[in-house]
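**Q** This structure is in structure tokens; I'll ask about it shortly.
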């Protein structure tokens, strides 16, 4: 009996010693482990590279293309004769390309003034967590537009460069929670040719945009640009758009109301003629479909 107890005690001591050595080995492995905190970018601040009209802080993944249809009907105040604007329409077709995780470019063509446009968007800083993280995303956009309408007075000497306009924009935004994002975007638009001699060539605006998630697939979005300097005395107003993003599989469907007709920065910042207070608002939709152009590398 005594021998059995002695063997049991020895066995218990050996097991305790082994477990202690194992625990020490695990602690030593943790100390010498190469695993370090990883920097991770915050994603899906918006579900699209655009809020409604304005650029957002969101970027396309590298190797993808976003085919985007922007459609805007006529003004609601036209009444039943024009089916509250549904008899009229203007649109823009756009192709946006993800180049790097913080670099993208795009081109588009609008029926409004038959305008071509192109842009480049780059973010030197993106919101992230972990070491060397950033609390906000900072992005810069540079764009150009080309008026496609024939000259109003072809008899005079006209220059091709007079049809060009440029815009430069900085976007500062943050995703505060899973369902709430805000951004601020100071913007300058330069027109090579203006309508009247007294009109300024440079127009300065301060844009605001946001997203509030309402459910798993629906979010409320808005963007507004306050024209700080360069807005003509009468006939033009600050652009405001509000709407809903609806995710349907591989599509993002945006339903919105806006007082602007044009759908690029030169058009909606400098030539918005509708007033919300008078019902001069247009119903519209944006349809986005992302395609994978380049196969992802497998780890």
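The values are calculated or read from the model by the stated rules, or taken from the named source; none is laboratory data. Since this is a predicted model, take the numbers as computed values, not measurements. Neighbour counts run over all protein chains shown; Cβ positions are idealised from the backbone, glycine included.
**Q** Which residues, taken from the stretch 69-117, are more than 23 Å from residue 272 (Cβ to Cβ), in contact (Cβ under 8 Å) with a residue 24 or more places away in the chain and surrounded by fewer than 16 Cβ atoms within 10 Å (Cβ to Cβ)?
**A** Correct list: 95, 100, 101.
**Q** Scan the stretch 161-180 and give yes if some residue there is surrounded by fewer than 13 Cβ atoms within 10 Å (Cβ to Cβ) and more than 26 Å from residue 48 (Cβ to Cβ), otherwise no.
**A** yes
**Q** A follow-up question, please. Of all strands (runs of 3 or more DSSP E) completely enclosed by the stretch 222-299, which ones contain at least 1 residues that are crowded, with 17+ Cβ neighbours inside 10 Å, at pLDDT 90 or above and over 21 Å from the mean Cα position of the chain (by Cα)?
**A** Answer list for the stretch 222-299: 282-292.
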